[in-house]
Amino acid sequence: MGLFSRIGTLFRSNINELINKAEDPEKMLNQVLVDMKQQLVEAKKQVAVAIADEKRLKKQYEQEARKAADWEKKAMLAVRAGDDTLARAALQRKASHDEIAGQLKSQWEAQLDSVSKLKEALRGLDSKIAEAKRKRNLLVSRQKRAEAQRTINETLAGINNTSAFTTFERMADRVTQLEAEAEASSEMGMALEDTSLESQFKALEAGSGVDDELAALKSKMALKAAAAEQKQLGSDPAAAAPPPTPPAAEEVSEEDLAAAQIDNQLEELKRKLSAD
């Protein structure tokens, strides 16, 4: 195969490939219907011309036939008048018109048959166009269904792609992480609150311990002072004398009793806290 032949084959193959890709069934069928309708219009024009020719030939034939009949009447009139020469001339003219009428009749009959065939062909073309419309509608419906199915399949293929599911899993992990961070933040807030309460209670406990130590220290100091005083009294005879009798106690008021009860309750609470 020569170089130019190969180039020509390659060029035609590329052109055909481009044409095949560019062909759209719906557009192609619509164009075919447009072409068929144009052909139908042209066929109707041709049929109309043929019908007009048929009518014209018929009219000419009828005119020649009438002229032949007229010359026949004239020949009969000449015969009645006894003028055979004039009658013979009239018959010659009649024969001429008969010949023309015969030719026109043959043409008219042929044209009439042609018009009948053209009308039949026109009806057939019209029927084919109607059938083509129905087929076009069916093919276009099939095309649209095929395109819809292809779109659905491509969408499903995209959804079934592992990258899409990987994205969903990654986002699920991200949401889980956010939820865990939110729970951790909430737990930290509660822990801080618990720590604050515990520190307050520890401060109270520490304060109670200091008070207890202070009371114990005071009691110890009081015992030491009493021992020293007792020692001093033992060495001084005057100090050994019994203490003077205190004066009679005054009457205690209700307010003093209530205050004493409160003090007793406070001491009881302190003893319980110390025991705990």
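Structure values in brief
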quantity	calculated
Which listed residue, of Lys73, Lys59, Lys37, is within 30 Å of Arg134 (Cα to Cα) and either among the β-branched types (Val, Ile, Thr) or surrounded by fewer than 17 Cβ atoms within 10 Å (Cβ to Cβ) (or both)	Lys37
Matching residues, segment 76-94, being loosely packed, with under 14 Cβ neighbours inside 10 Å and either within 60 Å of the chain's Cα centre (by Cα) or closer than 30 Å to Ala110 by Cβ (or both)	Gln92
Residues being of a type in the set (Ser, Thr, Tyr) and either in contact with a Ser or Thr (Cβ under 8 Å, 6 or more places away or on another chain) or surrounded by 14 or more Cβ atoms within 10 Å (Cβ to Cβ) (or both) - total across segment 95-134	2
Only listed residue being at pLDDT 90 or above and farther than 29 Å from Val41 by Cα, chosen from Gln103, Gln177, Gln111, Gln149	Gln103
Contacts under 6 angstrom Cβ, first residue in segment 65-81 being within 10 Å of Ala101 (Cβ to Cβ), partner in a helix (DSSP H, G or I) and of a type in the set (A, V, I, L, M, F, W, C), 6 or more apart	Ala65/Ala101; Ala68/Ala101
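The values are calculated or read from the model by the stated rules, or taken from the named source; none is laboratory data. Owing to the predicted nature of the structure, the values given are computational and were not obtained by experimental measurement. Here Cβ is always computed from backbone atoms with ideal geometry, including for glycine, and neighbour counts include all displayed protein chains.
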